[in-house]
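Notes for the one structure printed next.
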Amino acid sequence: MKLESSKPAIFFLIMLAFIFTQCHKEEGTTTLDTPDSLGIKGDLNLSFAPRFGDQAFEPVKSYTYTGKQKVMFSKVDFYITGIKLEGNKPYESDMAGLIDLTGDADKRLISMIDIPSGNYTGITFTFGVTPILNKKSPKDFTSNNPLSFSSNYWADWDSYIFSVVQGLFDENGQGNFNAGFSILTGTDDCSEKVEINRAFTIKEGTPGALVFDVDVLSYFKQDSIYYDLVTDPLSHNPGDIDKLRKFAWGMANAIILKN
């Protein structure tokens, strides 16, 4: 009789242990943060926000340059290639972006999709076209690739045009914008690497975003010296390569990740 009376008690203890185990598992799955919680792949948007010194940047707007001089821009664009997300498992993209600061917001955006989810420590990319890609020409790319644009390739240089900065300037500051300037960079000498050390996460279903500040004034002003638009308004030939290399360096260093 004693043996039979103990059966309900034993059954109760077994059920209690089972319930406790199940509750413990439920709590673990809701609080544990594992890489699997990030999903498999996610997206990342790289956007470039221009300014001119402490002013918002707009095309065909008059800005004070140096002394009495004033300047306005009709076209400012540049290539971004060789994008790499740094981390324990780096991710390299074959995407190319042609960023047009004088265009609408969608012209200042690179949308990267299907990136392996995970935690990354930074991003690097090339201002201009990487030497490997620069060995090719527009015919080597499909029409939806920015590197297929023949207008951005300079056959005489066997190189893409990495960046274009064009506009008008008023030498005396009296409202007469009657002088033009055109500064174009290209060839492997003018490709510059940009490195950004900032942690970010790629998560499935939640697109990431990195916003870069670009100060167009700093293209022309290195330390306290302004580029001389009066004596050298046209720089886009092999004899100007040393000058253009410095200009490309200034453009690359003007790209800073916003907080």
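Cβ-Cβ distances below 7 Å connect the following pairs, each with a first residue in segment 188-214 that is in contact (Cβ under 8 Å) with a residue 24 or more places away in the chain, a second residue that is of a type in the set (S, T, N, Q) and not in a strand (DSSP E or B), and a separation of six or more residues or different chains: 188/134; 191/130; 202/117; 203/117; 204/117. Of all residues in segment 207-229, those satisfying the criterion of being in contact with a Phe, Trp or Tyr (Cβ under 8 Å, 6 or more places away or on another chain) and within 18 Å of residue 168 (Cβ to Cβ) are 216, 217, 219, 220, 226, 227, 229. Residue 78 - would you say it is hydrophobic (A, V, I, L, M, F, W, C), within 22 Å of residue 216 (Cβ to Cβ) and in contact with a Gly (Cβ under 8 Å, 6 or more places away or on another chain)? The answer is yes for residue 78. Considering only residues in segment 101-148 that are surrounded by fewer than 13 Cβ atoms within 10 Å (Cβ to Cβ) and touching a Leu at 6+ places or on another chain (Cβ under 9 Å), the one that is nearest to residue 184 (Cα to Cα) turns out to be 140.
If a residue has to be aliphatic (A, V, I, L, M), under 19 Å from the mean Cα position of the chain (by Cα) and open to solvent by 70 Å² or more (accessible area, probe 1.4 Å) to count, how many in segment 217-259 make the cut? Selection size over segment 217-259: 1. Filter segment 55-92 down to residues that are closer than 19 Å to residue 160 by Cα and of a type outside the set (A, V, I, L, M, F, W, C) and give me whichever is surrounded by the most Cβ atoms within 10 Å (Cβ to Cβ). Only one residue tops the list, namely 79.
If you go through segment 196-216 and pick out every residue that is assigned to a strand (DSSP E or B) and more than 16 Å from the chain's Cα centre (by Cα), you end up with 2. Regarding segment 174-189, can at least one residue be identified that is crowded, with 20+ Cβ neighbours inside 10 Å and not in a strand (DSSP E or B)? Checking segment 174-189: at least one residue is crowded, with 20+ Cβ neighbours inside 10 Å and not in a strand (DSSP E or B). Taking the conditions (1) assigned to a strand (DSSP E or B); (2) open to solvent by 30 Å² or more (accessible area, probe 1.4 Å) in turn, residue 42 satisfies each one other than (2). Taking the listed residues 75, 107, the one that is assigned to a strand (DSSP E or B), modelled with pLDDT of 95 or more and of a type in the set (Lys, Arg) is 75, with no other qualifying.
Considering segment 164-173 alone, what residues qualify as being among the small types (Gly, Ala, Ser) and surrounded by fewer than 16 Cβ atoms within 10 Å (Cβ to Cβ)? 173 - this is the single residue of segment 164-173 that is among the small types (Gly, Ala, Ser) and surrounded by fewer than 16 Cβ atoms within 10 Å (Cβ to Cβ).
The values are calculated or read from the model by the stated rules, or taken from the named source; none is laboratory data. Since we're looking at a predicted model, the values are computed, not measured. Here the Cβ is made from the backbone with ideal geometry for all residues, glycine too, and neighbour counts use every protein chain on show. The accessibility values were calculated without ligands, DNA or RNA, using every heavy atom of the protein model including side chains. Shrake-Rupley method; radii C 1.70, N 1.55, O 1.52, S 1.80 Å.
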